[in-house]
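J.: The structure under discussion is supplied below as structure tokens; questions concerning it will follow.
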Amino acid sequence: MPEAPQWLALDPLDTLFFRGSESMIAGEDHEVRSLFPPLPETCLGALVTAILRQRRLNPLDYTQEGGPSPEIREKFPLLGSPGDPNFRLLGPLFAVSQAAAPPQWLYPAPAHWYVDPEQLRDDHAVQINPADELPAELEALGMVGSVPSPVWVSTPPADTLKSLAGCWMTGQVLKNFREGVLSAKWCKDILKADLSQPLLVPLKALVEPEVRTGIARDSATRRVKKGHLYNATQVRLHPGVSLVLGLSPGLVPHYLDAAALIPLGGEQRRVHYSLLPEGPPLPPGDTPWLMSLMPFPYDLLARYDWEKLPRVSGPLLRLAGWDLRKKFHKPCRAFFPAGTVIKVIPDGQEPPFGFLRL
């Protein structure tokens with residue numbers, strides 16, 4: 001498991017909203033896309049803001065031209081500079097608590113695991129069909145896909161298979177997989193499930209979407225725009241479900257209090273965070289496949305020379321936004337979602353931060 005000495009549990013007091021990059025133009029856009037779980041960068045910004053508030057640091061001393069003030073650099077070196085702090089976040093993952101039992105961790109399901117959609121019924125056994133790269137004889141035929149080295153399921157049990165990209169799993173699923181057990185149970189109701197079992201969990205079993213209708217405002221006059229309504233989907237975590245973040249290195253207690261309320265996401269929704277006594281007990285495996293535990297930027301492929309390696313992921317996340325400091329648009333960036341897998345030949349080295357060897 002990637003090194004993260006401290007873990008925080010985040011429990012929202014209300015719904016959460018993480019907006020996408022779409023514009024909101026009358027007559028064109030009336031739906032605002034919601035991203036969930038949020039990007040690590042969003043959570044990182046919330047924690048940096050929390051550090052500034054809790055340690056009574058002037059934000060202007062941190063964001064000024066030329067970098068943070070000498071006092072901040074000396075007393076809080078892990079703050080780094082805006083957009084480039086000297087600590088990293090792992091996640092967010094999920095943890096589910098039931099009664100007095102310790103929380104059970106949920107991890108992204110590997111995107112190269114395929115299942116028969118007909119088996120996706122509550123508490124039903126699901127056969128896992130891992131994909132792998134094409135054999136040499138098929139590559140010789142010139143078969144191509146959306147990536148340089150496409151993968152396939154050699155003996156599919158059904159005509160149509162569905163990737164588990166976007167789903168979550170208990171640690172027992174991966175433990176069983178490493179022992180050769182290619183099955184799990186599909187779980188649609190996390191509140192009634194036996195979390196000690198190998199469970200595959202869709203995102204909708206962890207959160208409840210809530211559609212909110214709002215009005216648009218003119219950015220200059222701050223007045224309501226006539227005839228411009230829009231819908232935004234917010235999410236409410238089910239009881240007992242928490243977002244969890246790994247901190248590397250640990251920030252409590254020098255930088256962060258052990259528990260506090262912080263704003264997170266759109267509309268500055270309040271979230272209570274608390275320090276967990278321990279992190280997820282999930283050791284790395286020994287297969288050639290690396291799985292991302294959180295979204296990561298597309299340009300990371302070039303950094304690690306992974307561009308031509310076999311990989312499987314869900315749809316890319318494309319985000320931009322507005323830079324308040326520069327008062328200009330942010331460049332559009334593409335991210336691979338959590339659960340993305342890349343087949344890397346084992347070389348004895350530790351996976352990059354945020355990746356787990358399956």
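The values are calculated or read from the model by the stated rules, or taken from the named source; none is laboratory data. As the structure is a prediction and not an experimental result, all values here were calculated from the model. Here the Cβ positions follow ideal geometry from the backbone for every residue, glycine too, while neighbour counts run over all protein chains shown.
J.: Looking at (1) in contact with a helix residue (DSSP H, G or I) (Cβ under 8 Å, 6 or more places away or on another chain); (2) within 18 Å of Leu35 (Cα to Cα); (3) aromatic (Phe, Trp, Tyr), which one does Phe335 not meet, given that it meets all the others?
T.: Against the list (1) in contact with a helix residue (DSSP H, G or I) (Cβ under 8 Å, 6 or more places away or on another chain); (2) within 18 Å of Leu35 (Cα to Cα); (3) aromatic (Phe, Trp, Tyr), Phe335 comes up short only on (1).
J.: Would you check which residues across region 253-281 are among the aliphatic types (A, V, I, L, M) and in contact with a strand residue (DSSP E or B) (Cβ under 7 Å, 6 or more places away or on another chain) and list them?
T.: Ala258, Ala259, Ala260, Leu261, Ile262, Leu264, Val271, Leu275, Leu276
J.: Name the pairs: first residue in region 28-40 and assigned to a helix (DSSP H, G or I), second residue at pLDDT 75 or above and surrounded by 19 or more Cβ atoms within 10 Å (Cβ to Cβ), Cβ to Cβ under 6 Å, at least 6 apart or on different chains?
T.: Listed by first residue and then by second, the contacts come to Pro40/Leu89; Pro40/Met294.
J.: I would also like to ask the following. Would it be correct to say that Trp186 is over 23 Å from the mean Cα position of the chain (by Cα), touching a residue at least 12 places away in the same chain (Cβ under 8 Å) and surrounded by 14 or more Cβ atoms within 10 Å (Cβ to Cβ)?
T.: No, not satisfied.
J.: Select from region 198-225 the residues that are part of a loop (DSSP other than H, G, I, E, B) and surrounded by 15 or more Cβ atoms within 10 Å (Cβ to Cβ) and list them in ascending order. Don't jump to the end; show me each part of the working.
T.: So in region 198-225, the residues part of a loop (DSSP other than H, G, I, E, B) come out as 198, 202, 206, 218-223.
Pro198, Pro202, Leu206 - these are the residues of region 198-225 that are part of a loop (DSSP other than H, G, I, E, B) and surrounded by 15 or more Cβ atoms within 10 Å (Cβ to Cβ).
J.: Which residue, of Gly285, Gly250, Gly266, is of a type in the set (Gly, Ala, Ser), within 19 Å of the chain's Cα centre (by Cα) and either more than 30 Å from Lys75 (Cα to Cα) or at pLDDT 90 or above (or both)?
T.: Residue meeting the stated conditions: Gly266.
J.: Can you tell me which residue within region 237-288, out of those that are of a type in the set (A, V, I, L, M) and assigned to a loop (DSSP other than H, G, I, E, B), is surrounded by the fewest Cβ atoms within 10 Å (Cβ to Cβ)?
T.: Result: Ala258.
J.: While we're on this one: Can you tell me which residue in region 69-85 is farthest from Cys43 (Cα to Cα), limited to those that are part of a loop (DSSP other than H, G, I, E, B) and in contact (Cβ under 8 Å) with a residue 40 or more places away in the chain? Walk me through it before giving the result.
T.: Filtering region 69-85 down to residues part of a loop (DSSP other than H, G, I, E, B) leaves 69, 76, 80, 82-83, 85.
Filter once more, keeping what is in contact (Cβ under 8 Å) with a residue 40 or more places away in the chain: 76, 82, 85.
Details: Phe76: 19, Pro82: 14, Pro85: 12 Å.
So, considering only residues that are part of a loop (DSSP other than H, G, I, E, B) and in contact (Cβ under 8 Å) with a residue 40 or more places away in the chain, the one farthest from Cys43 (Cα to Cα) is Phe76.
J.: For region 143-182, which positions are touching a Gly at 6+ places or on another chain (Cβ under 6 Å) and in a helix (DSSP H, G or I)?
T.: Arg178
J.: Still on this structure: Condition check: modelled with pLDDT of 90 or more, among the acidic types (Asp, Glu) and part of a loop (DSSP other than H, G, I, E, B). Does Asp14 satisfy that?
T.: Yes: the conditions hold for Asp14.
J.: Any chance region 200-211 includes a residue that's touching a residue at least 40 places away in the same chain (Cβ under 8 Å) and more than 25 Å from Ser292 (Cβ to Cβ)?
T.: yes
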